[in-house]
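J.: Dropping the structure in here first, questions after.
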Amino acid sequence: MIDYTNYVDTNIGTVGHLLTSTSPSVLSPHGAAVVAPLFRPGMKDRYNSDKIFGFSAGLTAVMPTAYEDHAPDYMKTASVFDHDMETARPDFYEVLLEDHDILERHTAYKNTGVFSFTFPESCEPAVVFYTKFCTAYKHEGNLLAFFAARHKNDAPYLGTIFALSDVVSVEAYDITTPQDYRPHINEEAKAVVVRFSSREVTLPFAVSSLSMESLFECAQNGMLSRSFDEVRSDCNAAWNDVLGKVRVQGGSESHLRSFYTAIYRAASRMHNYSVNGKYKGFDGKIHDDEGHGYYCDDGIWDTFRGMHPLQLLLEPQVHEDTLCSYLRMYEQSGWLPRFPYLNGNIPCMLGHHTVSLFAEAAAKGVSFDLPLAYEAAYKNATKRTMLPWRDGEAEDLTKCYYENGFFPGLEEDEEETCDAVHEFENRQSVAVTIEHSYDDWCVAQLAAKLGHHDEAALFLKRALNYQNVYNKETGFMHPKKADGTFTKEYNPKFCGGQGGRKYFAENNAYIYNFAAQHDIPGTVEMMGGKDAFAAKLDNLYVEQYDGVLKSTFLMQYPDATGLMGQFCMGNEPSFHIPYLYNYCGQAYKTQRKIHEIIDMWFPDSPLGICGDEDGGAMSAWMAFSAMGFYPVNPASGNYDIGSPIFDRVELTLPNGKVFTVIAEGASGKAKYIQSASLNGEPLTAPLFSHAQMMEGGELRLIMGERPNKALFAE
């Protein structure tokens, strides 16, 4: 039997291309107990850290040490380590802490975990527990518990309880440490030093967001009595259940590692915070979860594109519980959140893309409370502000979108007139217009499902608002002022200030030209037809930086990593763009681009994720594309065909049937599709529906080393 976790290398992506890197985390799929090494404070490229400063357990950091001074000091308890003496897997981690010759191991499953430390004979074994913003601390018998907040003055967020054995002493300290130590040691921290009589220290723990009392209930329920091997076995089995839903043949060892690591990343977020059948809701109250896990920590601006569609296929129960969680959040707060975390919504990024999850679920036959979802989506679309990084009722700029069909911008040098606009994030007026057009299309799908035809028509009309910010004279999406005129001073490549945020979101007009993913045929027509559209796509991949250095461009657009001309694989609004050749009769170019992008930007190395992972979003693109298809518009119920990197892919579906993609030779140079059939019937377009996939069967792609330009050319 194949152990698919052997193909997962959690160090892939631990060096960022410009901004944030990933972390080599141990957890079960969507587990609340996430254990990872804590590297040098402020060091973004985690793989390059010279030392480990602790290991996360909820909001508590655990560090074994032979440091003998009584007062703990996080700099002195840190240890040098060597990646050659490290094992980084999804189900356990092991490393030699060289300064004191301590072997550290940890594993985790759901909301529990176990640390194992082996100390040399020459030292007095000790473990230091560091917790930032500690709101409660309790040592009772052999149990040690902490409850902490994420930020100063925040409500209590997450607690951790540890089971101790062979204890010599327990000493607690209030300490102050540098503010830049993230994420677990901070000013106003609590430190506890526990000394042990045994060289072999086993430290089980559990996390809970409910209360200090719930932590002790975890101990009473036996969650802290399981061995390291038992917990690791459960974690391993849980990962194999998810990873084993996709079985591939062909492809290199590198491709296998990149592919299965991508599924690991995508299935790591969101986190299920139900404990003993209870969860703490957005109203701060404890609720019965009624058999549905409570899932939080989701950056929906990123994850609606690929992570949630992949979750729908591989983890159907998790997906249903996620939809249920979002509806609970709506009932408890009055809004569908953009970025739910345990204490409520963070108004992160822009758009109200949670509606995409429900529109997709409706299109793909997933069960949820449709009337309640529509009520929530309708309220978001008609009463909530569209301002990026802001929350609350609609203000005048949002009402301009309602009344005039675009979110208004300003001239490049014009002073901001709206006090509600975020000082750094700005209006992002073009991006807001286009992304809310997508949301409106999704609302229309829900309205139509319920027979609300007038409202469906209204939102379908609003779904075309993206066309209001396209300037045929410049050939680009172009900000409009409140009076309906385009801004005068305009450079589609460099306008909009830092990150283009006056008009766009982390990208420029070259990317947002293609951002209306719900209406690609309409975009093609708007831009002058298939040939003109294809020419714009061609230019996107080769357009340079107008005589300035690439570094100058990246100074303005630090999120635009994975660059190929102006195309940036490392940022989410670009994800669907390589598939758009399918819509203008040049599908062979999509097939070529997919292989180029995977080989260039997704290697099995610390550099193997070319942008911010953002909750599994980037990895979900890799997983889908490696299988040979991708949801350009997830709520359409269709998948667009690319070009798989494996010769055979077998996908076990939520209904138990198997969908197989056969593309013999795809793992070599034969990246071009010569002909395609689904269950023996020739395909006349490079797509298939979710309903067709759910019937099981076979997508057969005859591959070749040279493009068949006539295929899907109409």
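The values are calculated or read from the model by the stated rules, or taken from the named source; none is laboratory data. In this text, all values refer to a predicted model and were calculated from it rather than measured experimentally. All Cβ positions, glycine included, derive from the backbone under ideal geometry; neighbour counts span all protein chains shown.
J.: Being polar (S, T, N, Q) and over 26 Å from Pro90 (Cα atoms) is the filter; apply it to region 104-153 and report the residue that is surrounded by the fewest Cβ atoms within 10 Å (Cβ to Cβ).
T.: Among them, the one singled out is Asn153.
J.: Something else now. Against the condition without any contact (Cβ under 8 Å) to a residue 24 or more places away in the chain and buried (at least 17 other Cβ atoms within 10 Å of the Cβ), how does Leu678 come out, does it pass?
T.: Taking the combined requirement at face value, the residue satisfies it.
J.: If the requirement is being within 21 Å of Val421 (Cα to Cα) and not small (Gly, Ala, Ser), which of these qualifies: Asn465, Asn507, Asn491, Asn471? Please lay out each step first, then the result.
T.: Values: Asn465 fails: within 21 Å of Val421 (Cα to Cα); Asn491 fails: within 21 Å of Val421 (Cα to Cα); Asn471 fails: within 21 Å of Val421 (Cα to Cα).
From the options Asn465, Asn507, Asn491, Asn471, the qualifying one is Asn507.
J.: Criterion first (of a type in the set (Asp, Glu), more than 26 Å from Gly696 (Cβ to Cβ) and over 15 Å from the mean Cα position of the chain (by Cα)) does Glu315 satisfy it? Working first, answer last.
T.: Numbers: of a type in the set (Asp, Glu): yes; more than 26 Å from Gly696 (Cβ to Cβ): no; over 15 Å from the mean Cα position of the chain (by Cα): yes.
No, not satisfied.
J.: Kindly evaluate Glu613 against the criterion of being in the same structural domain as Gln428 (by TED's automatic domain parsing), under 26 Å from Ala532 (Cα atoms) and of a type in the set (Asp, Glu). Full working, then the answer.
T.: Numbers: in the same structural domain as Gln428 (by TED's automatic domain parsing): yes; under 26 Å from Ala532 (Cα atoms): no; of a type in the set (Asp, Glu): yes.
No.
J.: Find the residue count for region 422-471, including only residues that are without any contact (Cβ under 8 Å) to a residue 40 or more places away in the chain, within 30 Å of Glu412 (Cα to Cα) and either in a helix (DSSP H, G or I) or touching a strand residue (DSSP E or B) at 6+ places or on another chain (Cβ under 6 Å) (or both).
T.: 3
J.: Kindly indicate whether any position in region 161-173 is crowded, with 22+ Cβ neighbours inside 10 Å, touching a residue at least 40 places away in the same chain (Cβ under 8 Å) and not acidic (Asp, Glu). I'd like the intermediate steps shown before the answer.
T.: Looking only at region 161-173, we keep the residues that are crowded, with 22+ Cβ neighbours inside 10 Å, and these are 161-162.
Subset that is touching a residue at least 40 places away in the same chain (Cβ under 8 Å): 161-162.
Then keep just the ones that are not acidic (Asp, Glu); that gives 161-162.
Yes, region 161-173 contains a residue that is crowded, with 22+ Cβ neighbours inside 10 Å, touching a residue at least 40 places away in the same chain (Cβ under 8 Å) and not acidic (Asp, Glu).
J.: Please go through region 85-126 and give me each residue that is under 32 Å from the mean Cα position of the chain (by Cα) and assigned to a loop (DSSP other than H, G, I, E, B), ordered by number.
T.: Within region 85-126, Arg89, Pro90, Asp91, Phe92, Lys110, Asn111 meet the criteria.
Yes/no per residue for (1) part of a helix (DSSP H, G or I); (2) modelled with pLDDT under 95; (3) surrounded by fewer than 24 Cβ atoms within 10 Å (Cβ to Cβ):
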| position | (1), (2), (3) |
| --- | --- |
| Pro573 | yes, no, yes |
| Pro578 | yes, no, no |
| Gly585 | no, no, yes |
| Gln591 | yes, no, no |
| His595 | yes, no, yes |
| Met600 | yes, no, yes |
| Leu607 | no, no, yes |
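So that you can scan it fast, the table gives a plain yes or no per residue for (1) closer than 30 Å to Thr485 by Cβ; (2) of a type in the set (A, V, I, L, M):
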residue: Phe358; (1), (2): no, no
residue: Ala362; (1), (2): no, yes
residue: Ser367; (1), (2): no, no
residue: Leu370; (1), (2): no, yes
residue: Tyr378; (1), (2): no, no
residue: Lys383; (1), (2): yes, no
residue: Met386; (1), (2): yes, yes
residue: Thr398; (1), (2): yes, no
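J.: Continuing with this model, one more query. Any residue in region 646-673 that is within 19 Å of Gly696 (Cβ to Cβ) sitting within a Cβ distance under 9 Å of a residue that is part of a strand (DSSP E or B) and modelled with pLDDT under 95? List the pairs, counting only those 6 or more apart or interchain.
T.: If the second residue must be part of a strand (DSSP E or B) and modelled with pLDDT under 95, the pairs left are Lys657/Gly697; Val658/Gly697; Phe659/Gly697; Thr660/Gly697.
J.: If Ser122 passes every condition in (1) among the small types (Gly, Ala, Ser); (2) within 25 Å of Asp297 (Cβ to Cβ); (3) modelled with pLDDT under 95 but one, which one does it miss?
T.: The single condition Ser122 does not satisfy is (2).
J.: In region 682-700, how many residues are assigned to a strand (DSSP E or B) and under 28 Å from Gly529 (Cβ atoms)?
T.: The initial filter retains those residues of region 682-700 that are assigned to a strand (DSSP E or B), namely 682, 687-689, 697-700.
Next, only the ones that are under 28 Å from Gly529 (Cβ atoms) stay: 682, 687-689.
Here the count works out to 4.
J.: I'm checking my understanding of the structure. Among residues of region 127-156 that are at pLDDT 90 or above and not in a strand (DSSP E or B), which one is nearest to Pro37 (Cα to Cα)?
T.: Only one residue fits best here, namely Asn142.
J.: Could you check region 228-303 for strands (runs of 3 or more DSSP E) lying wholly inside it with 1 or more residues that are within 20 Å of Tyr4 (Cα to Cα)?
T.: It comes to 246-249.
J.: Touching a Phe, Trp or Tyr at 6+ places or on another chain (Cβ under 6 Å) and among the aliphatic types (A, V, I, L, M): does that describe Ile161? Write out each step before concluding.
T.: Working: touching a Phe, Trp or Tyr at 6+ places or on another chain (Cβ under 6 Å): no; among the aliphatic types (A, V, I, L, M): yes.
So Ile161 fails the test.
J.: Looking only at region 389-421, which residues are in a loop (DSSP other than H, G, I, E, B) and among the aliphatic types (A, V, I, L, M)?
T.: Ala394, Leu410, Ala420, Val421
J.: Same structure, new question: If you go through region 351-364 one residue at a time, do you hit one that is within 30 Å of Glu213 (Cα to Cα), in contact (Cβ under 8 Å) with a residue 24 or more places away in the chain and crowded, with 24+ Cβ neighbours inside 10 Å?
T.: Of the residues in region 351-364, the ones within 30 Å of Glu213 (Cα to Cα) are none.
No, because not a single residue in region 351-364 is within 30 Å of Glu213 (Cα to Cα), in contact (Cβ under 8 Å) with a residue 24 or more places away in the chain and crowded, with 24+ Cβ neighbours inside 10 Å.
J.: Considering each residue of region 130-143, count those that are farther than 16 Å from Ser56 by Cβ and out of contact with any Pro (no Cβ under 9 Å at 6 or more places or on another chain), and give that number.
T.: Within region 130-143, the first condition is being farther than 16 Å from Ser56 by Cβ, and the residues that meet it are 135-143.
In the following step, the residues that additionally are out of contact with any Pro (no Cβ under 9 Å at 6 or more places or on another chain) were identified as 137-143.
Residues that pass the stated criteria total 7.
J.: Further, regarding this structure: I'm trying to understand the selection: among the residues of region 304-317, which are under 30 Å from Asn221 (Cβ atoms) and assigned to a loop (DSSP other than H, G, I, E, B)?
T.: The one that is under 30 Å from Asn221 (Cβ atoms) and assigned to a loop (DSSP other than H, G, I, E, B): Glu315.
J.: Given the criterion on the phi > 0 side of the Ramachandran plot and either not polar (S, T, N, Q) or not assigned by TED's automatic domain parsing to the domain that holds Gly284 (or both), identify the matching residue among Trp335, Trp389.
T.: Values: Trp335 fails: on the phi > 0 side of the Ramachandran plot.
When all the criteria are applied, what remains is Trp389.
J.: A further question on this structure: Scan region 448-503 for residues that are under 30 Å from Tyr374 (Cα atoms) and among the β-branched types (Val, Ile, Thr) and jot them down.
T.: Within region 448-503, Val469 is the sole residue that qualifies.
J.: Still on this structure: Mind listing whichever residues of region 668-681 are within 15 Å of Phe629 (Cα to Cα) and assigned to a loop (DSSP other than H, G, I, E, B)?
T.: Within region 668-681, just Lys671 meets the criteria.
J.: Ser325 versus (1) surrounded by fewer than 18 Cβ atoms within 10 Å (Cβ to Cβ); (2) within 21 Å of the chain's Cα centre (by Cα): which is the lone unmet condition?
T.: In the conditions (1) surrounded by fewer than 18 Cβ atoms within 10 Å (Cβ to Cβ); (2) within 21 Å of the chain's Cα centre (by Cα), Ser325 misses (1) alone.
J.: Take region 641-667 and flag every residue that is of a type in the set (A, V, I, L, M, F, W, C) and not in a loop (DSSP other than H, G, I, E, B). Give the derivation first.
T.: Taking region 641-667 and keeping what is of a type in the set (A, V, I, L, M, F, W, C), we get 641, 645-646, 649, 651, 653, 658-659, 661-663, 666.
Within region 641-667, Ile641, Val649, Leu651, Val658, Phe659, Val661, Ile662 meet the criteria.
J.: Okay, moving on. Out of all the residues in region 207-257, which are within 20 Å of Gly277 (Cα to Cα) and free of Cβ contacts under 8 Å to residues at least 12 places away in the same chain?
T.: Glu213, Gln220, Gly222
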